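Report on the structure given below.
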Amino acid sequence: MKNTIFHLAIPCKDVAEAKTYYVDQLGFGQGRMYDDRISINFFGDQVVCHLCPEKVDPIVEMYPRHYGQTFTCEMAFDEFYQRVLESGVALYKALFVRFEGKKEAHKTFFLVDPSNNLLEFKYYFDQSQNF
């Protein structure tokens, strides 16, 4: 039973732009919004975009820093991927299978928000590989 909410704070260069991306385009719930931050309901966890343009990564790189969601239901993963495609949000890296043929094989894709924060979404075919 989940009785906690994970909290992640990330930098953004523009709070209104973060709202447009996460809430209006991707369909996540909006929490509190102030001039310097917005809280996003990210699959039941809390992502807070803090206005901090000087902390935005100038170059987008997948590793080591990214965040996202690991789905435990393949249908939910596929439905979310379709929602992303229909939203018109650009994919940073389109859907592919990573580690194909190995026990840790998983479907994944990456997005990049307007402040160069990378998001990864994935589904492991073998659920024992989630951790």
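Go through the chain and flag any cysteine with no other cysteine's C-beta closer than 4.7 Å, please.
C52, C73
Could you put S39, S115, S128, S87 in order, starting from the residue whose Cβ has the fewest other Cβ atoms within 10 Å?
Details: S39 17, S115 21, S128 8, S87 14.
Result, fewest neighbours first: S128, S87, S39, S115.
Mind checking the stretch 35-131 for trypsin sites (Lys or Arg not before Pro) that DSSP puts in a loop (not H, G, I, E or B) and that have at most 14 other Cβ atoms within 10 Å?
The qualifying sites are R65, K102, K103.
Given H placed on each backbone N at 1.01 Å, which residues far from Y92 in sequence or on other chains put an amide H within less than 5 Å of it?
Amide H neighbours of Y92, under 5 Å, 5+ apart: F110, L111, V112.
Could you tell me the ratio Rg/Rh of the chain? Both radii from Cα atoms, Rh via Kirkwood. Spell out each step's value before the answer.
Numbers: Rg = 15.0 Å, Rh = 15.5 Å.
Taking Rg over the Kirkwood Rh, I get 0.97.
Please report, in debye to the nearest 20, how large the charge dipole of the chain is about its Cα centre when each Lys and Arg carries +1 at its beta carbon and each Asp and Glu carries -1 there.
On the way: 14 positive and 18 negative charges, 58 e Å.
The calculation lands at about 280 debye.
Check N130: other-chain or 5+ apart residues with amide H under 5 Å from its amide H, H built from backbone geometry?
Counting only residues 5 or more places away or on other chains, the set is empty.
Contour minus end-to-end for E54 and A16, with contour as 0.36 nm per residue of separation and end-to-end as the Cα-Cα distance? Display every interim value, and only then the final one.
On the way: separation 38, 0.36 × 38 = 13.68 nm, distance 1.68 nm.
Separation in residues times 0.36 nm, less the Cα-Cα distance, equals 12.0 nm.
On a straight-distance basis, which lysines could pair with K19 in a cross-link, Cα separation under 20 angstrom, same-chain partners fewer than 8 positions away excluded?
Answer for K19, where 20 Å is the Cα cut-off: K55, listed by chain and number.
If I model a spin label at A9 and M33 as a point 7 Å from the Cα along the Cα→Cβ vector, what separation in nanometres do I get?
2.1 nm
No lab work stands behind these numbers, since they all come straight from the coordinates. Here the structure is a predicted model, which means the values were calculated and not measured. Here the Cβ is made from the backbone with ideal geometry for all residues, glycine too, and neighbour counts use every protein chain on show.
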